[in-house]
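This report refers to the structure that appears directly beneath it.
The values are calculated or read from the model by the stated rules, or taken from the named source; none is laboratory data. Predicted model, so just to flag it, every value in this text is computed and none were measured. All Cβ positions, even for glycine, are placed from backbone atoms using ideal geometry, and neighbour counts span all protein chains on display. Side chains included, ligands, DNA and RNA excluded: accessible areas come from the protein's heavy atoms. Shrake-Rupley method; radii C 1.70, N 1.55, O 1.52, S 1.80 Å.
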Amino acid sequence: MPLIHPETHEIGFTGGETTLVGDQFIRLIQSAKSHLPRTALHILSNGRNFQNLDLAMKVAKVKHPDLMIGIPLYADYSQLHDFIVQADNAFDETLRGILNLKRCQVKVEIRVVIHQENYHRLPRLAEFIARNLLFVDHVALMGLELIGFAKSNINALWIDPYDYRDELKNAVDIMAKAGMRVSIYNTPLCVIPESVRNHATQSISDWKNDYLDECVNCSSRQQCGGFFSWNLRKPSQHIKAL
């Protein structure tokens, strides 16, 4: 941490599962607070270890001024979420983790990666979140990044984002009307319904962000999140300049 510029806007930590390093996880947050007090800290976790209330309390005790933990929730019921993550009891443990973190007043972001297995449940998941997890700080509805396990399972997971535009719109509307902060990540503007484009965010890191030839003359390119570089091999069939 001492080697990072003190004016750094935000640092993100991912893994593997970040909480598996034990007490070093807490020391990491403490170090960030001490050396980079003006830098936001965003930590990705599956949330399951926070079912241990003691761990959530240790995170809260650090009192980092700008910490958020991003936790994936893929479905509104256990069988589908557990199937997607390939782990028994993951749904229940994840929810307990989210509840414990918010009980300790730690900021939580729910992250929903959209693919062939769960797109049809997006409105139901939005209803579940709005009814049961209204207190989370942010919900990110995320386009699929074709890398890692997603790349090796592309035929089972890939769906053109244009084909779930109605489910996406409905999900955003449900959570926005409930007063929740909701964003659309990793999805080009032209395949997002116009009424919810204001929720789209430029979320792809610049080193892996790219555009198609069709984007050259688009009037909204500066506002569009574009594509992951490795997604250009299989983009939506409905990309067009706005």
Please go through region 96-112 and give me each residue that is open to solvent by 30 Å² or more (accessible area, probe 1.4 Å) and farther than 21 Å from Pro65 by Cα, ordered by number.
Arg96, Arg111
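Yes or no, residue by residue, for (1) at pLDDT below 95; (2) under 29 Å from Asn52 (Cα atoms); (3) of a type in the set (A, V, I, L, M):
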position: Asp76; (1), (2), (3): no, yes, no
position: His81; (1), (2), (3): no, yes, no
position: Gln105; (1), (2), (3): no, yes, no
position: Asp160; (1), (2), (3): yes, no, no
position: Leu168; (1), (2), (3): no, no, yes
Name the residue that is surrounded by the most Cβ atoms within 10 Å (Cβ to Cβ), counting only residues in region 46-73 that are more than 16 Å from the chain's Cα centre (by Cα) and of a type in the set (A, V, I, L, M).
Ala56
Can you run down the residue pairs with Cβ atoms below 7 Å, 6 or more apart or on separate chains, where the first is in region 108-119 and under 15 Å from Asp160 (Cβ atoms) and the partner is among the charged types (D, E, K, R)?
Tyr119/Glu167
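Suppose we filter region 206-234 for residues that are within 20 Å of the chain's Cα centre (by Cα), polar (S, T, N, Q) and either assigned to a helix (DSSP H, G or I) or at pLDDT below 80 (or both); how many remain? If you could, list the steps in order and put the result at the bottom.
We begin by selecting, within region 206-234, every residue within 20 Å of the chain's Cα centre (by Cα); these are 206-210, 223-231.
Subset that is polar (S, T, N, Q): 209, 223, 229, 231.
Those left that are additionally either assigned to a helix (DSSP H, G or I) or at pLDDT below 80 (or both): 223, 229, 231.
Looking only at that region, the number is 3.
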Flag if Leu146 is part of a loop (DSSP other than H, G, I, E, B) and either on the phi > 0 side of the Ramachandran plot or open to solvent by less than 20 Å² (accessible area, probe 1.4 Å) (or both):
yes
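Can you find even one residue in region 38-45 that is buried (at least 16 other Cβ atoms within 10 Å of the Cβ), modelled with pLDDT of 95 or more, of a type outside the set (S, T, N, Q) and more than 21 Å from Val113 (Cβ to Cβ)?
From region 38-45, those buried (at least 16 other Cβ atoms within 10 Å of the Cβ) are 39-45; that's our starting set.
Right, trim to modelled with pLDDT of 95 or more and you get 39-45.
Of the ones still in play, those that are also of a type outside the set (S, T, N, Q) are 40-44.
Adding the requirement that they be more than 21 Å from Val113 (Cβ to Cβ) leaves 40-41.
Yes.
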If the Cβ limit is 7 Å and pairs must be 6+ apart or interchain, which residue in region 158-181 that is surrounded by 14 or more Cβ atoms within 10 Å (Cβ to Cβ) pairs with which residue that is acidic (Asp, Glu)?
Ile174/Glu127
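If I ask for residues that are small (Gly, Ala, Ser) and touching a helix residue (DSSP H, G or I) at 6+ places or on another chain (Cβ under 9 Å), which ones from region 94-140 would you list?
Initially, region 94-140 is screened for residues small (Gly, Ala, Ser), giving 97, 126, 130, 140.
Scanning region 94-140 gives Gly97, Ala126, Ala130.
Within region 149-190, track down each residue that is among the hydrophobic types (A, V, I, L, M, F, W, C) and in a loop (DSSP other than H, G, I, E, B). If you could, list the steps in order and put the result at the bottom.
To start, the set of residues in region 149-190 that are among the hydrophobic types (A, V, I, L, M, F, W, C) comprises 149-150, 154, 156-159, 168, 171-172, 174-176, 178, 180, 182, 184, 189-190.
Answer for region 149-190, where residues must be among the hydrophobic types (A, V, I, L, M, F, W, C) and in a loop (DSSP other than H, G, I, E, B): Trp158, Ile159, Ala178, Met180.
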Lone unmet requirement of (1) in contact with a helix residue (DSSP H, G or I) (Cβ under 6 Å, 6 or more places away or on another chain); (2) modelled with pLDDT of 95 or more; (3) within 19 Å of Ile110 (Cα to Cα); (4) not acidic (Asp, Glu) for Gly143
(2)
